[in-house]
Amino acid sequence: MTELILQRPATTRALWVGVCSLDDLEECWGEAALVGHEQIALFRLPERRVYAVGNIDPRTGAAVMARGIVGSRGASPTIASPLHKEVYDLSTGECLSGGEGLRAYPVRCIEGIIEVDVAA
């Protein structure tokens, strides 16, 4: 069984959906996934940490966040939009420059499969 650190607590009404294999994700690189009608950007960071946020850039409406630049602000992992370089906290989705944030999804890994809670 694969162990993975949960990035946010799950809600009581969780709806976990399998998205991909952990091995499908390259470290420090984003991948986009369509889960139902939701476009989600997945990021695998060192130490087997995986984050999921909305793939739609709030400023432009373009589906590009999976192509953003992974980084950090202090201990917080971040993603910078590839279009206008706004920086978002991967744990919370908060825009660190004060704009509209991204939706952040709880993530878990069960037997090597990444699951996202789309009800959160």
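Values quoted throughout were computed directly from the atomic coordinates according to the rules given, and no laboratory measurement underlies them. If you're wondering where the values come from, they're calculated on a predicted model, not measured in any experiment. All Cβ positions, even for glycine, are placed from backbone atoms using ideal geometry, and neighbour counts span all protein chains on display.
Compactness of the chain, taken as the C-alpha radius of gyration over 2.2 N^0.38 Å, stands at 0.97.
For HIS84, HIS37, the sequence from fewest to most other C-beta atoms within 10 Å is HIS37, HIS84. Taking other Cβ atoms within 10 Å as a rough exposure proxy, THR60, THR78 sort from fewest to most as THR60, THR78. Taken about its Cα centre, the range 16-117 carries a charge dipole of about 280 debye when Lys and Arg each add +1 at the Cβ and Asp and Glu each add -1 at the Cβ. With all pairs of different C-alpha atoms in the average, the Kirkwood value for the hydrodynamic radius of the range 60-120 is 12.5 Å. Between ALA32 and LEU96, the modelled label-to-label distance comes to 2.4 nm, taking each label 7 Å out from Cα in the direction of the beta carbon. When the Gaussian network model of the chain links Cα atoms closer than 10 Å, the mean-square fluctuations of LEU25, LEU96, LEU34 top out at LEU34.
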